[in-house]
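All remarks here apply to the structure that follows.
Where a number appears in this text, it was derived from the coordinates with a stated rule and is not lab data. All values reported here derive from a predicted model rather than from experimental measurement. Ideal geometry is used to build each Cβ from the backbone, glycine not excepted, and the neighbour counts take in all protein chains shown.
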Amino acid sequence: MEIFAGSMVAGLLIGLLFALIALGLTIIFGMMDIVNFAHGEFLMLGMYTALLTSQATGLDPLLTLPVAGAVGYLLGIACYYGFVKFLLRGPMVAQLLGTFGLMLLLRNLALLFFGSEDRTIHSGILVNRAFDLGMGVVVPATKLAGAVLAVVAFAVVWLLMHRTRTGKAMVATALNRQGARYMGISTERMNGLAWGIGGATVMIAGALLVNFWSVTPYVGLLFTMIAFAIVALGGFGSIPGAFFAGLIVGLITEIPGFWDFFTYLTGSRWMAGVSMTPFKYTCVYLAYFLIMLLRPRGLFGWKN
Amino acid sequence: MSEPLLQVKQIKVRYSGLPVIHGVSLVVYPGETVCVVGSNGAGKSTILRAVMGSQRAFDGEILFNGAAIRNLRTEAIVHLGVVYVPEEKMLFRPLSVEENLLLGAYCLNDQEQIAKNLEFVFALFPRLRERRKQAASTLSGGEQQMVAVGRGLMSNPRILMLDEPSLGLSPLLVDELFGAVFKLKEEGLTILLVEQNVREALEMSDRGYVLQTGRIVEEGTGAELLRSDKVQQAFLGL
C-alpha cells in the first residue's frame, strides 16, 4: 500500500513536469500544424540556461526560472521569424525535415559550447531536500517545486489564451487561420507568439528539470519523444489535453517500477529476475502507439 | 456624386494557374448597395477574395478610399474597414456565438463600442441572443450564417462584402437574411453583395454587375438589370 501511494505521488509529480514540457509542443502544433522536432533541444537549452546562470551569478537555480523563460521566449520568436516562417511556404516534408534540422543544429551548437560531459546541479534550496508526507510518501523538494510551478504555468497560459484579447486571437487562429485573418488577426504574429510561449514554457520546464536531472547536449530526444506521446494522447493542440495526458504518462512511467516491486514482494517465479523498470519509457511509447491506433485524435481532440 | 469608396480597376486573377478573372472593373460609392450576380463559377467570389488580398490579383488596381490596397496583407485591409463574410462562413466552431461575435471586433479597442455593436447584432438577429452561449457548431445553417454576418458587423465596417449569404438556406431563411441586409442598407452601410439569388439581390441593390466567365457583361441599376433581356434569359428563366 505504501509503495503504491509512493509511486502514485511520484508519477503525478513527474507527470506535471512532463505536461509542462509538452505544453509548448501542443501550442505550436495547434497553432500551425507543425511538429517541432527541436522541442527537446529547447528543453536542453533551458537546462543549460538555468545551470550556467546559476553558476555564473551564484543565484539559486530556482531563481533562474525567469531567465530561462525570457531566453526561451526570445529563442522561440527568433526561430519562428528567422527560420520556421520560411518553412511554411514549402511542402509538409520540408517542415518535418526543417525542424529536424533545427534539432541537429541546436544540439550540435550545445555540444560545441557546453561540451559533452554530464552536468548536474549540486546545490540550491531545493536540492537534497524532501518532505515526508507519511504513508511512505517522501516527496523530493525539486520534484514538488517542478509540479507546483508546472500547474502555475498551465494556469497562466490558460488565462492568457482565454481571458486576453491576444490569447483569444491565438485560439481563433488555431481554429481557423483564414477566418481569423478576415477578422484582422495577423497569422504571422500569432505564430510568432506561439513559438515564443512554447519556447518560454519548455525552457522553464528545463530549468525545473535540471534540479534533479543531469544535462548533456543529448538529453532532449527522450523528452521530445515523451512530449510527442503526451500531445498525441491529449489531442494535438489541446492545452487541457496536455495537462491530463502528462499526468497519465507520469503514472505510466511508474507502472514498471511498481510491477517489479510487486513481483519481488510476492516472490512470484514468473517474471522474477526480469526487471521491468528499465522499460518505463517503452511503456510510454506503447501507450502512444495504442492511442494512435485506437483514437488518433487523442483524448481531448478539440478541432472537430 | 462623391468619391468612390471601393474601386476595382481591370483586375486579373488566376486560380491554380488558370486565369479566371479577365480584367474586371467595378466601383462602389459610400452608402450604396451593389451586387455582383452571375452563375456558379463565374468568378464572383474570386473578385471579393482579390479585394481582401487572400487571392492576389496579378494585374490591375484596387483602391479603397483612394488608396491602393492590392498589395496589402489581408489583416491590414480588414483594419482599414473592409470586412468580408466568406461563403464558407469560417466560424470558430467550438467557440460560443458570443465569442465568435467578439472576435469580429478584434480591430476595435473601445469596450463600450464593442458592447454597443454586440447589442446591435443581437437586435438584428434576436435568435443569436437566445443562443449566445451555444457553440457555433451546434447551430443550424441559417443561424451560422447569421453569426457570420453578425461577426462581420462587429468591427464597424466601412464596407461589408457578403459572399453568397443565402447559399444553402431555406426560402424562409433567405427572406429573413435579406431582410436583415436590407435593414443594414437602410442604416446607411455600404454593402457589396455577391449572389446567385439574382432576383432578391437585384431588387435590393442600388446597382449591379452581371459577371459571366470572368468578365462583366452588363451593369446598371438593380431595376434596369431586372428588366434586361440578358438577365431575364440567363438567370430568371423568363
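General observations
- Plainly put, the range B:147-233 has a radius of gyration that is 0.97 times its Kirkwood radius, both from alpha-carbon atoms, as the Rg/Rh ratio.
- Protection proxy ranking of A:218-226, A:77-85, by the mean of other Cβ atoms within 10 Å over each peptide's residues and highest first, is A:218-226, A:77-85.
- Considering only A:Ala38, A:Ala110, A:Ala207, the Gaussian network model of chain A with Cα springs below 10 Å gives its largest mean-square fluctuation to A:Ala110.
- log10 of Debye I(q)/I(0), alpha-carbon scatterers only, for chain B at 0.10, 0.17 Å⁻¹: -0.45, -1.30
- Helix B:171-186 axis, angle to chain B major axis (alpha carbon atoms, nearest 10°): 90
- GNM top mover of A:Gly98, A:Gly192, A:Gly90 - chain A, alpha-carbon springs below 10 Å: A:Gly90
- Prolate/oblate/rounded label for the range A:7-79 (Cα gyration tensor, a/c 1.5): oblate
- Max mean-square fluctuation residue, GNM over chain B, Cα-Cα springs under 10 Å, options B:Asp110, B:Asp175, B:Asp163: B:Asp110
- Whole-Hz ³J(HN,Hα) from phi, Karplus 6.51 cos²θ - 1.76 cosθ + 1.60, for the range B:120-134, glycine and proline x: 4, 5, 5, 5, 6, 10, x, 5, 5, 5, 4, 9, 4, 8, 7
- Listed peptides B:176-184, B:5-13, B:193-201 appear in the order B:193-201, B:5-13, B:176-184 once ranked by packing, highest mean of other Cβ atoms within 10 Å at the front.
- Dipole of the range B:5-159 computed with +1 at Lys/Arg Cβ and -1 at Asp/Glu Cβ about the Cα centre; of B:Val51, B:Ser16, B:Ala123, farthest Cα towards the positive end is B:Ser16.
- Using Cβ point charges alone (K and R +1, D and E -1), the dipole size of the range B:1-137 about the Cα centre works out to roughly 460 debye.
- Peptide-level mean, for B:85-92, of C-beta atoms on other protein chains within 10 Å: 4
- Backbone geometry of the range A:291-297 corresponds, through the Karplus equation with coefficients 6.51, -1.76 and 1.60 at θ = phi - 60°, to 3J(HN,Hα) couplings of 4, 4, 6, 9, 8, x, 8 Hz, x marking Gly and Pro.
- Cβ-derived FRET efficiency at R0 56 Å, A:Met8 paired with B:Leu167, nearest 0.05: 0.55
- Taking every alpha-carbon pair within chain A, the share separated by more than 27 Å comes to 42 percent.
- Whether the protein assembly as shown is rounded, prolate or oblate, judged on the alpha carbon gyration tensor where a/c under 1.5 counts as rounded: prolate
- Entries of B:Lys9/B:Lys116; B:Lys12/B:Lys89; B:Lys9/B:Lys133; B:Lys12/B:Lys133 with Cα pairs more than 32 Å apart: B:Lys9/B:Lys116; B:Lys9/B:Lys133; B:Lys12/B:Lys133
- Inter-chain Cβ neighbour count for B:101-114, averaged per residue, equals 3 (cutoff 10 Å, partner chain atoms only).
- The order of B:His22, A:His162, A:His39, A:His122, going from fewest to most other C-beta atoms within 10 Å of their C-beta, is A:His122, A:His162, B:His22, A:His39.
- A:Leu293 paired with A:His162, simple spin-label distance in nm, labels 7 Å along Cα-to-beta-carbon: 3.4
- Sequence of A:Ser123, B:Ser96, A:Ser7, B:Ser25 once ranked by neighbouring C-beta atoms within 10 Å, starting from the fewest: A:Ser123, B:Ser25, B:Ser96, A:Ser7
- Percent RCO, i.e. relative contact order, over chain B, from Cα pairs under 8 Å lying at least 6 residues apart: 27
- Gain on full stretching of the segment that runs from B:Gln113 to B:Val27 - 0.36 nm per residue minus C-alpha separation: 28.0 nm
- Distance between the modelled labels on A:Ser214 and A:Gln55, one decimal in nanometres: 1.3 nm (7 Å Cα→Cβ projection).
- Approximate spin-label separation B:Lys183-A:Leu221, in nm, with each point projected 7 Å along Cα-to-Cβ: 6.3
- Global geometry of the range B:1-41, whether rounded, prolate or oblate, following the gyration tensor of its Cα atoms and the 1.5 cut on a/c: oblate
- Axis angle, to the nearest 10 degrees, between helix A:2-32 and the longest C-alpha principal axis of chain A: 10 degrees.
- Cα-centred dipole magnitude for the range A:2-294, charges only on beta-carbon of K, R (+1) and D, E (-1), debye, nearest 20: 840
- Of the residues A:Ala78, A:Thr173, A:Pro256, the one whose Cα sits farthest toward the positive end of the charge dipole of the protein assembly as shown, with +1 on the Cβ of Lys and Arg and -1 on the Cβ of Asp and Glu, is A:Pro256.
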